[in-house]
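Asker: Please see the structure below; I have some questions.
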């Protein structure tokens, strides 16, 4: 008798779940033939039979959690030997005296009782490596011969992952990349903010006809400064804060400080290094022309790495532009100690109902979102603020602002 136990499955792994038995009680098994599959929190593995014989007992059923080293089944090696002897072809005189040559040698027919079922593991003809049906299918579909592989499973067996790697196009090894200082700082700050602030979020769709007018007039100011969609929305967002001053605030300990001056933070992604938030100080009262000049100056200094600490401090309200030209909306994390951050989606050209309600026409729309601190605001107030931003966008006089 041979006890089948759950072997060590790796460092720190102490147990596994039996997910599938490939054999049932009474089946004949070959040594190293996949016997059952076990799943851990790290990997799924096929366990080979430690001996040849007949499976006479299954102790751990499918779905059972088993500790490493525990008995899961019993194999009777003597039954397997006798079964093979009883089913061996008779040694007749004709067979004994018949000359055997390389061209006429044939293997005796396999008795029906020992035939391998279609669903069981089979041995590769050229290498003798036992391959499970799943692995065989992966290799066949990928046009890879099992004999060309060196398995990493128990006893050198070819695992499913071995097969997937073999048929994959290109390298499959994981690449470990250390976080940059900027990514690490961003993660720490955002983690503190998301855990320490009771976030709420609301989004509204607003009319974007102002952007068609901007394109008709030209996306530059009289001073030659470029104008982005984000700048236009920023101007409306800053002006709307005059009516929703509780959103232009920061926390100082347990006290909420309402600011009379709007210091507008603009989020900027840094390639492979997280993000920075330069600040446009005293943004309230600026024209679009002045705001564009200030933002472009910050972007130029960001590109040449000339931003100072003063350029990144003191924000009271932040805006996040559309990440891509196809972004519908985004849900940003509030940048502490601020209490709100506005996000904008991309301006979209869409069919809209005409003002007379009887036809469709081509229009522009965008989604504005607001992440807000529930201690100072609730969804109704946040939605009203965004609607007011939309109203200011619709009524903006671009000709005088430029």
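The values are calculated or read from the model by the stated rules, or taken from the named source; none is laboratory data. Since the structure is predicted, the reported quantities are computational estimates derived from the model, not experimental observations. With ideal geometry, Cβ positions are generated from the backbone for all residues, glycine too; neighbour counts draw on all protein chains shown.
Asker: Which one of these is in contact with a helix residue (DSSP H, G or I) (Cβ under 9 Å, 6 or more places away or on another chain) and not assigned by TED's automatic domain parsing to the domain that holds residue 134: 39, 49, 45? Even if it seems obvious, please write down each step before you answer.
Answerer: On the way: 39 fails: in contact with a helix residue (DSSP H, G or I) (Cβ under 9 Å, 6 or more places away or on another chain); 49 fails: in contact with a helix residue (DSSP H, G or I) (Cβ under 9 Å, 6 or more places away or on another chain).
Testing whether each residue is in contact with a helix residue (DSSP H, G or I) (Cβ under 9 Å, 6 or more places away or on another chain) and not assigned by TED's automatic domain parsing to the domain that holds residue 134 leaves just 45.
Asker: Of these, 199, 189, which one is under 20 Å from residue 389 (Cβ atoms) and surrounded by fewer than 19 Cβ atoms within 10 Å (Cβ to Cβ)? Spell out how you get there, then give the answer.
Answerer: Working: 189 fails: under 20 Å from residue 389 (Cβ atoms).
So the residue among 199, 189 that is under 20 Å from residue 389 (Cβ atoms) and surrounded by fewer than 19 Cβ atoms within 10 Å (Cβ to Cβ) is 199.
Yes/no per residue for (1) loosely packed, with under 15 Cβ neighbours inside 10 Å; (2) at pLDDT 80 or above:
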position: 133; (1), (2): no, no
position: 154; (1), (2): no, no
position: 164; (1), (2): yes, yes
position: 174; (1), (2): yes, no
position: 195; (1), (2): yes, yes
position: 203; (1), (2): no, yes
position: 215; (1), (2): yes, yes
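Asker: Restricting region 42-65 to residues that are modelled with pLDDT under 90 and in a strand (DSSP E or B), which is farthest from the chain's Cα centre (by Cα)?
Answerer: That would be 48.
Asker: How many of the residues in region 354-402 are without any contact (Cβ under 8 Å) to a residue 24 or more places away in the chain and under 21 Å from residue 251 (Cβ atoms)?
Answerer: 0
Asker: With respect to residue 152, determine if the residue is in contact (Cβ under 8 Å) with a residue 40 or more places away in the chain and either in the same structural domain as residue 369 (by TED's automatic domain parsing) or touching a helix residue (DSSP H, G or I) at 6+ places or on another chain (Cβ under 9 Å) (or both).
Answerer: Working: in contact (Cβ under 8 Å) with a residue 40 or more places away in the chain: no; either in the same structural domain as residue 369 (by TED's automatic domain parsing) or touching a helix residue (DSSP H, G or I) at 6+ places or on another chain (Cβ under 9 Å) (or both): yes.
No, not satisfied.
Asker: For region 214-242, name all the residues that are in a helix (DSSP H, G or I) and without any contact (Cβ under 8 Å) to a residue 12 or more places away in the chain.
Answerer: First pass over region 214-242, keeping only residues in a helix (DSSP H, G or I): 214-217, 229-240.
The answer is 215, 216.
Asker: Could you check region 287-306 and list, in sequence order, the residues that are outside any helix (DSSP H, G or I) and buried (at least 21 other Cβ atoms within 10 Å of the Cβ)? Reasoning before the result, please.
Answerer: From region 287-306, those outside any helix (DSSP H, G or I) are 287, 304-306; that's our starting set.
The answer is none; no residue qualifies.
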